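Student: Before we start, here is the structure in question, set down as C-alpha cells.
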Amino acid sequence: MAIRLYNTLTRRKEEFKPQEDMKVRMYGCGPTTYDFFHLGNARTFVLYDVLRRYLKYRGYEVTFVQNFTDVDDKIINRALEEGLSAKDLSERYIREYYQDAKDLGILEADVHPKVTDHIEGIIQYIEGLIAKGYAYESDGDVYFSVEQFAEYGKLSHRNIKDLLAGARVEVTEIKRSPADFVLWKKAKEGEPFWDSPWGRGRPGWHIECSVMSQKYLGETLDIHAGGTDLVFPHHENEIAQSEALTGKPFANLWVHGAFLNVDGEKMAKSEGNFFTVRQLLEKYSGEELRFFLISAQYRHPLNYNAENLKMAAASLKRLHDAKDNFAYWSKIALERELDGKEKELLAKLKSFEERFIQVMDDDLNTADAIAVLFEIVREGYAILNEQSAKSLLLETVEVLKRLSAILGILREDERIDGDFDSLLELVLDLRNDARNRRDWAMADKVRDKLLAMGIVLEDTNSGTKWKKTQRLD
Ligand SMILES: [Zn+2]
C-alpha cells in the first residue's frame, strides 16, 4: 500500500513517490513573525507535523524546512506602533512561536530559516531571474514579469488572460503588467533595508520561499505544503520564480490545508475573528487544541466554537483515561496465558493498526484514524480489567501509544505518569494508615479530595483501588 495525497497541482489524489528512495524533502510556509499565531494558523502547522510524523512512521527519512518571514510590511508597521525595531519584534515572536508550537506538540523543523539570514542568496536569485529575462528593475523595485512565464496559473488553475482582465487597470509607470509581482522593494524612509544592485531595499514576500526551500532541499521539492489561502498568489509565484530560474519542476506535490472557520467564515487576522493559541492555552491544553485541529481531515472544513473544543477535550480525556487504566491494570495483572477472548483482542489490535495505516494512507484522514483509536478503547474496555493477562494489557497500551504518537497526542512528555502513580500510591498508603488508626474523617477527606480531582477510590478486601472518572465540567 502506498500513501496517497491530494495534489493541488493535478487536482487529484496521487500515490506519493519521492525523488530519492524513502527520502522526503518537504517545505512548509511558516509564520510572519509580527504577532502570536492563531488557531487557524495552528491548523496548518499541525498538518505539517502530522504529515511529517506519519511519513517517518512509514519509514521515510524526512527533511522538513519551515521558514520565518521576519521582514514584512506587517512587521515594520507593528514595530513602529510598539516602538521596537523590526528585528526585536520579529525575534520576540519567533520565540513565542517556538513556545506555542511546543505546547501543540509540533516538532521543530530540521531547519527554520529566517529571511533576514538569506538576503545575499535572495539578491543572487533575483539577479539570475533578471539575467534570464524574467525580471526587470524599475525605479529601485524589481518585478517578476508574469507574462514571460508561460505556465503561470497552473497551480491555482487560473488563466493569465483572465487574471489580467480581472486586474485593476492601474495607472502605473512602474510595472509593465498589472499581474507582475515584486521581488525586491525599494526601501521607504525609516524602513529596514539592505544594499543591493538596485539600491537600498528588501525582498518581496514570495521570493524568500523559493530561495530558502531550494537552498536546503534542492531545486525540486517532494512536498510543498501550506494553507489553502497561499495557493494564489504566493505559491503560484513561488513556482514561477523557481521554474523560471532552474527550468525544473519546483515541487512535485502541493499539499494545502483547509481553513479553520468561525461561523462559516475563515479565521483570519484580517477578519478580526481569531483566537491566538496563546489565548486559548489559558483554557485548554496544547494537546486538547491539537486534538481538536486533527478531528477533521485536513482538507475538510472545521468549525471553531467553544462547544466543539470542549467536545474534543472530553474525547481526548477518554483516550487518556483508557490508556491510564490499561496501564494501571497491567501493573497489577498476573502473567498468564491468554484466554480465547483475549487472543481475539490481540489479533484485533493488529487489524486496528492496519486500519489506522489504511485511513492515514488515504490522504491523511486523521478523523478516521481517531475513530480507530476509539475502537481500540471500546474493545479494550469490553474485555480488559485487572484480571486480564498482563501481556495483553501491555500490548494494548503499546498500540494506543504508538498510533497516538503519529497524531502527536498522548505524548509522554506532557504527563508525569510514573511520578503520578507513585504519588498516588503514597497518598493511598497514608490514607490506609489513617484507616488503621480508625481516623475515618481523614480517610474520607482524602477520598473526597481525590474524587474532586477525578480519581475514584474503591476499598476492597484486597486493598484500595483507584480509577479515573470522566471529568465533570
Ligand atoms: Zn511561502
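Here's the yes/no breakdown for (1) assigned by TED's automatic domain parsing to the domain that holds residue 275; (2) closer than 30 Å to residue 158 by Cα; (3) in a strand (DSSP E or B):
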residue: 6; (1), (2), (3): no, yes, yes
residue: 10; (1), (2), (3): no, yes, no
residue: 81; (1), (2), (3): yes, no, no
residue: 93; (1), (2), (3): yes, no, no
residue: 99; (1), (2), (3): yes, no, no
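Student: Just for region 205-235: of the residues that are among the polar types (S, T, N, Q) and more than 11 Å from the ligand (Cβ to nearest atom), which one is farthest from residue 74 (Cα to Cα)?
Tutor: 220
Student: Go through (1) closer than 13 Å to residue 322 by Cβ; (2) part of a helix (DSSP H, G or I) one by one and return the number of the condition residue 356 breaks.
Tutor: Result: residue 356 fails condition (1) only.
Student: Of the conditions (1) closer than 19 Å to residue 16 by Cβ; (2) away from the ligand (no atom under 12 Å from the Cβ); (3) of a type in the set (Gly, Ala, Ser), residue 251 satisfies every one except a single condition; which number is it?
Tutor: So residue 251 meets the others, but not (2).
Student: Hey, another quick one. Residue 215 passes all but one of (1) of a type outside the set (A, V, I, L, M, F, W, C); (2) closer than 17 Å to residue 44 by Cβ; (3) touching a residue at least 24 places away in the same chain (Cβ under 8 Å); which number fails?
Tutor: (2) is the only condition that residue 215 fails.
Student: Which condition does residue 251 not pass, out of (1) at pLDDT 95 or above; (2) surrounded by fewer than 21 Cβ atoms within 10 Å (Cβ to Cβ), if it passes all the others?
Tutor: Failing condition for residue 251: (2).
Student: For region 453-460, state whether one or more residues are outside any strand (DSSP E or B) and either under 35 Å from the mean Cα position of the chain (by Cα) or within 27 Å of residue 314 (Cα to Cα) (or both).
Tutor: yes
Student: For residue 120, which of the numbered conditions (1) surrounded by fewer than 16 Cβ atoms within 10 Å (Cβ to Cβ); (2) over 23 Å from residue 74 (Cα atoms) fails to hold?
Tutor: Here residue 120 meets the rest and fails (2).
Student: Of the residues 438, 447, which single one is at pLDDT 85 or above, assigned to a helix (DSSP H, G or I) and not assigned by TED's automatic domain parsing to the domain that holds residue 372?
Tutor: Criteria check complete, one pass: 447.
Student: Here's something else I'd like to know. Within region 319-351, which residues are surrounded by fewer than 17 Cβ atoms within 10 Å (Cβ to Cβ) and under 28 Å from the mean Cα position of the chain (by Cα)?
Tutor: Selection gives 350, 351.
Student: Still on this model: Tell me the helices (runs of 4 or more DSSP H) entirely within region 228-299 that contain at least 3 residues that are of a type in the set (Gly, Ala, Ser).
Tutor: Where helices (runs of 4 or more DSSP H) fall fully within region 228-299 and carry at least 3 residues being of a type in the set (Gly, Ala, Ser), they are 236-246.
Student: Being more than 30 Å from residue 48 (Cβ to Cβ), basic (Lys, Arg) and outside any loop (DSSP other than H, G, I, E, B) narrows it down to one of 378, 402, so name that one.
Tutor: One residue alone meets the criteria, 378.
Student: Among the residues of region 174-181, is there at least one that is touching a His at 6+ places or on another chain (Cβ under 8 Å), within 16 Å of the ligand (Cβ to nearest atom) and touching a residue at least 60 places away in the same chain (Cβ under 8 Å)?
Tutor: Taking every residue of region 174-181 in turn, none turns out to be touching a His at 6+ places or on another chain (Cβ under 8 Å), within 16 Å of the ligand (Cβ to nearest atom) and touching a residue at least 60 places away in the same chain (Cβ under 8 Å).
Student: Does residue 16 satisfy being at pLDDT 95 or above, within 30 Å of residue 273 (Cβ to Cβ) and not aliphatic (A, V, I, L, M)?
Tutor: no
Student: Among the listed residues 139, 110, 117, identify the single one that is more than 18 Å from residue 237 (Cβ to Cβ) and free of Cβ contacts under 8 Å to residues at least 12 places away in the same chain.
Tutor: 117 is the lone residue from the list that is more than 18 Å from residue 237 (Cβ to Cβ) and free of Cβ contacts under 8 Å to residues at least 12 places away in the same chain.
Student: Does region 29-38 include one or more residues that are touching a residue at least 40 places away in the same chain (Cβ under 8 Å), outside any loop (DSSP other than H, G, I, E, B) and crowded, with 19+ Cβ neighbours inside 10 Å?
Tutor: Taking every residue of region 29-38 in turn, at least one turns out to be touching a residue at least 40 places away in the same chain (Cβ under 8 Å), outside any loop (DSSP other than H, G, I, E, B) and crowded, with 19+ Cβ neighbours inside 10 Å.
Student: Answer with yes or no whether residue 428 is part of a strand (DSSP E or B) and surrounded by 15 or more Cβ atoms within 10 Å (Cβ to Cβ).
Tutor: So residue 428 does not fit the description; no.
Student: From the residues in region 52-75 that are part of a helix (DSSP H, G or I) and within 16 Å of the ligand (Cβ to nearest atom), which one is surrounded by the most Cβ atoms within 10 Å (Cβ to Cβ)?
Tutor: The selected residue is 75.
Student: Conditions first: (1) part of a helix (DSSP H, G or I); (2) under 19 Å from residue 326 (Cβ atoms). Residue 387 passes all but one, so which condition is the exception?
Tutor: With (1) part of a helix (DSSP H, G or I); (2) under 19 Å from residue 326 (Cβ atoms) applied to residue 387, the lone miss is (1).
Student: May I pose another question? Return the residues of region 11-39 that are within 16 Å of the ligand (Cβ to nearest atom) and under 14 Å from the mean Cα position of the chain (by Cα); say none if nothing qualifies.
Tutor: 26, 27, 28, 29, 30, 31, 37
Student: If I ask for residues that are under 11 Å from residue 392 (Cα atoms), charged (D, E, K, R) and assigned to a helix (DSSP H, G or I), which ones from region 325-340 would you list?
Tutor: Hits for region 325-340: nothing passes.
The values are calculated or read from the model by the stated rules, or taken from the named source; none is laboratory data. No experiment lies behind these values; they were computed from the predicted model shown. Quick reminder, even Gly has a Cβ in these numbers, built from the backbone with ideal geometry, and neighbours come from all protein chains shown.
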